Structures are given as C-alpha cells and as structure tokens.
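The values are calculated or read from the model by the stated rules, or taken from the named source; none is laboratory data. Computed from a predicted structure; not experimentally measured. A quick note on method: Cβ atoms are made from the backbone with ideal geometry, for glycine too, and the neighbour counts reach across all protein chains shown. We work out accessible area using only protein heavy atoms, side chains counted, and drop any ligands, DNA or RNA first. Shrake-Rupley method; radii C 1.70, N 1.55, O 1.52, S 1.80 Å.
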Amino acid sequence: MKNFIVVCCCLAFSTMANAAEFTVDQKDKKFTESEMNIAVGDTVNFRNDDPFSHNVYSLSEAKSFDLGSYPKGESRPVTFDQAGQIEVGCAIHFDMALIINVK
Amino acid sequence: MTNYSKKQLHILLLAASFVLPMQAIGSTLKAGDTSLQKWLLPGEVPQPDNNKMTPDRVELGKMLFWDTRLSGDGNMSCASCHNPLFGWSDGLPTARGSKSKVLGRASPVVTNTAFNAMQMWDGRKKTLEEQAMGPMEATVEMNMDIGNLFKWIKSNKGYKTAFDKAYPGEGINQSTLSRAIASFERTIVSNNSPFDQWVKGDAKAMSKEQVRGFGVFLDQNKGNCAACHGAPNFVDNGFHNLGLASYGDEKPDMGRFVQLPLARMKGAFKTPTLRDISLSAPYFHDGSAATLMDVMQTYADHGYVEGNISPEIDSINLTKQDMQDLVAFMEALTTPPKPFTLPILPLD
Ligand SMILES: [Cu+2]
C-alpha cells in the first residue's frame, strides 16, 4: 500500500456514511498502485502527475468509463457503485494497468 | 591522477562546453551524465520463458524470415517488406502485398521490436510470437494456405533437421515456427549509436548540433519529443493521432480505435522507435513524410487535420534551426550497420 494516498473523505462529516475517497496518480507512465481494494460507493480520483496526457478508462462490466485525456495536475473522479473486479487502463499507454476490487 | 594531461583538459573543456541548463526536463546535456543513463537499452533483449534465444532458434528463424516459399505465390518473404537494405522496412510509403496490391499502412521496422510492449501500428498483437504468422495468413499480404505451408515444411528434410535442433521434440507447427521467427527478430537490435556512446561518456560521439538537437528534443516548450519518444527505446508504448492529412480522408484509417473503441484512439497509431530512424524513410504510418525534415515540418505545423490531435503536439514550437538540429540528433541514433549474412535455404 505504498504511495497510496488515502484522502479519507471526512468520514465524520460526510453525509454518505462510510464512503471513502482515494487518489491514484499516473506517474512515469504507471499507476502508483497495481491493485486496490475498495468498498461499493467509494470514489477514486485519478490524478495525472506526468508532464503529458493520460486517458484512464475501463471496459469492465462492473464499471465502464472513459475519462478522456487530461494533462498534468488534473484529477478526475470515478465512483464505484457496483461490486466486482475492475481492470483500469490508459488508452494511450498500452502497459498501464490497475486492478480495483470493489467489495 | 593529480595533474590533467593536455588531452584530458581538452576533453574536460569540450565536455563543459556542452553543458546547457535544462532544468525543465531534469536532464543535463553532458556526455555520460547520470541523468542520461536511462536512455541506454538493457544489455539483454527480453525473451519469454518458453522461447529463450539459442543459436539454432535464431538460425532457423532467419531461414524462415527469408524464405519466399512461405507465401502463396512463392515470391514474398518476411524480408520482402522488412528488408535490412531499407532499415528493416521497404522504402515504400505503404506496403505492397500479394500481387503487388498497395496496402494501407507502411511496413513497420523490425528494429528493436523486441523491446515493444505490443506489435503492429494498432497494437493488435502483443508479442513477436503472436505477430509472426499474421502476414502469411493475411490474404492481402503473403496469402499462404497454412495447411499447405506445414505440409510442405514437414516434407523438407533441411527444415525438419533445423526444427529438431531448435525445438527438440516439439515438432513443426505454428508455435515452433512463430517462436523461431521471433527469436531471429530479437537479434535485430540497435543499441550502439553515437548517441549511446555519448550517453556512456564519449563527449565527441555527437556533434554540437546533435547535442543541441537533443536539448530541443527534451525541451517541453520546443520539441516536446520525449513526451512520446521516451527512454530508452524512444517509444511510450502508446498511441497518438498526429493530425496527418490522411486523417481527413472520407473514410480515414481509424488505427487503434478499431482495437480499443475509445474516442481518443480515433486515428491513433503506435509511437515508432527513433533508433535507426534515418535508415527507414519514408515516415509515419501512412508514409506521408518523405524525409525527417518533412516529419519535423508536420510537427512544427501541429498537424493538418483537427479533431483528435494528441495534446502533446500543441506545445511544440520549432524554429528552422531547431528542426535541423533535431534531424541531426536523430541521425545520431543510428547504429553503424554490420555486415549481414544471408541464410542458405534448404531445397528439399
Ligand atoms: Cu497513460
């Protein structure tokens, strides 16, 4: 769980009980995590920390999304509302891969 | 080691004269600098566990690569389109297949494909082994009846011996044939260019113009080239739409989008290596740039067809001098060609 920035979304103040928020960076053409375990309702922010664009996406059944490409410093959130294993990739960079287990 | 000789001093001064401030990109333009070592390719070529390179496998692969009898008309081999005389491509804008039919995309070089995360302009094959049979099977390319192919190879004593030596007990089949060709392709490596010598510390290996060109290459506000042509193989294992004129065709080649239907992939093609690039004109997947200078002009113009151009191209800002220096730099990426020995093919 190194490099794993958990921006524990103010559990005390959140109206969504127990929903957590995480951030995964794209750095050196890699995700800073290779596998994550999260709960249904949690949100992951995909933040680009490379000096070029990434295009995070998934075509998995439990959550399919295409964040489009965006530059360094920008972050886009995805809320995972269904249990399952989600393979996240980058459309641009073939070998970027991240598994998210939503339980 | 207390006194520098005149020659050493000269070298030190020469090295010092190449030091330019390049803070934005985190690399120092000084021969041998530690920040540059990431540009050296690994000493050993990556090989899958089930296909470690052996001399017998490479030799068999070389025979198959050059054997025209692997095509339907008996007149095309892998080497017809991937020819060392043309930097392991064919010197044509786009390939010519069976019956000389003009195909849609340029023949990609074989050089350093061993280091790629995937193969083909659209990445539809992952490994060299997966790619090897493709052109034989394609009716527009080598147009070979695969059943007949193996019937013939199995009847050829010379090949039978060569397969037995390369893959003992595994027989002659798509797997052994593909692995042999892939083993040969893994020997086609460019890793000893003047640039590599310079990275290793030989300040005289590149000219002043070439070093300047590398600075333009790295500078995000000038060439921004390393955003996609990254270390060490000058690729990002990625796909980009460059806004080439052919993307404006009525039914343009959609490239990677066919494999991965996400908007950004429309008209996007794989970033090719720049190692040995001076040997394989014309350039781009559609062969639309005759020279490296034409390539530079395309980037300086930020492409020609709007719609899905890679954002990395927006920040490019090149003067004529920058373009000339970049071309000079790319010429420093060519490993001096070594003599190549052709195989003798078994007639029966
Ligand atoms: Cu990416």
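Note on the range A:85-95: residues that are open to solvent by 10 Å² or more (accessible area, probe 1.4 Å) and either closer than 27 Å to B:Ser310 by Cα or touching a residue at least 60 places away in the same chain (Cβ under 8 Å) (or both) total 3.
Could you list, in sequence order, the residues of the range B:204-220 that are part of a loop (DSSP other than H, G, I, E, B), open to solvent by 10 Å² or more (accessible area, probe 1.4 Å) and more than 11 Å from every other protein chain (Cβ to nearest Cβ)? I'd like the intermediate steps shown before the answer.
Of the residues in the range B:204-220, the ones part of a loop (DSSP other than H, G, I, E, B) are B:204-207, B:219-220.
Imposing the further condition that a residue be open to solvent by 10 Å² or more (accessible area, probe 1.4 Å) reduces the set to B:204-205, B:207, B:219-220.
Within the range B:204-220, B:Lys204, B:Ala205, B:Ser207, B:Asp219 qualify.
B:Thr187 meets each of the listed conditions (1) open to solvent by 60 Å² or more (accessible area, probe 1.4 Å); (2) farther than 21 Å from B:Ser89 by Cβ; (3) of a type in the set (Val, Ile, Thr) apart from (2).
Looking across the range B:295-330 at every residue that is part of a helix (DSSP H, G or I) and in contact with a Phe, Trp or Tyr (Cβ under 7 Å, 6 or more places away or on another chain), the one that is nearest to B:Ile188 (Cα to Cα) is identified as B:Phe329.
In the range A:45-59, what residues are at the interface with chain B (Cβ under 7 Å from one of its Cβ atoms) and either aliphatic (A, V, I, L, M) or open to solvent by 10 Å² or more (accessible area, probe 1.4 Å) (or both)?
Going residue by residue through the range A:45-59, those that are at the interface with chain B (Cβ under 7 Å from one of its Cβ atoms) are A:51-53, A:55, A:57.
Hits for the range A:45-59 are A:Pro51, A:Phe52, A:Tyr57.
Candidates in the range A:60-84 are the residues that are of a type in the set (Lys, Arg) and within 14 Å of the ligand (Cβ to nearest atom); of these, the one that is surrounded by the fewest Cβ atoms within 10 Å (Cβ to Cβ) is A:Lys72. What are the residues in the range A:50-101 that are touching a His at 6+ places or on another chain (Cβ under 8 Å) and not aliphatic (A, V, I, L, M), if any? If the condition is that a residue be touching a His at 6+ places or on another chain (Cβ under 8 Å) and not aliphatic (A, V, I, L, M), then A:His54, A:Ser69, A:Tyr70, A:Cys90, A:His93 are the ones that fit. For the range B:313-332, a residue qualifies if it is out of contact with any Ser or Thr (no Cβ under 7 Å at 6 or more places or on another chain) and of a type outside the set (S, T, N, Q), and the qualifying residues are B:Ile313, B:Asp314, B:Ile316, B:Leu318, B:Lys320, B:Asp322, B:Met323, B:Asp325, B:Leu326, B:Val327, B:Phe329. Selection of the range B:261-270 for residues being open to solvent by 10 Å² or more (accessible area, probe 1.4 Å), in contact (Cβ under 8 Å) with a residue 40 or more places away in the chain and not in a helix (DSSP H, G or I) yields B:Lys266, B:Phe269, B:Lys270.
Going by what's in this entry, would B:Thr94 be described as among the hydroxyl-bearing types (Ser, Thr, Tyr) and under 24 Å from B:Pro194 (Cα atoms)? No; evaluated as a whole, the condition is false for this residue. Taking the residues in the range B:239-260 that are crowded, with 21+ Cβ neighbours inside 10 Å and more than 14 Å from chain A (Cβ to nearest Cβ) as candidates, determine which candidate is nearest to B:Ile188 (Cα to Cα). So the residue we want is B:Leu244.
I'd like to check something: does the range B:331-345 contain any residue that is in contact with a Phe, Trp or Tyr (Cβ under 7 Å, 6 or more places away or on another chain) and crowded, with 21+ Cβ neighbours inside 10 Å? Yes, the range B:331-345 has at least one match. Among the residues of the range A:85-103, those that are in a strand (DSSP E or B) and more than 15 Å from the ligand (Cβ to nearest atom) comprise A:Gln85, A:Ile86, A:Ile99, A:Ile100, A:Asn101, A:Val102.
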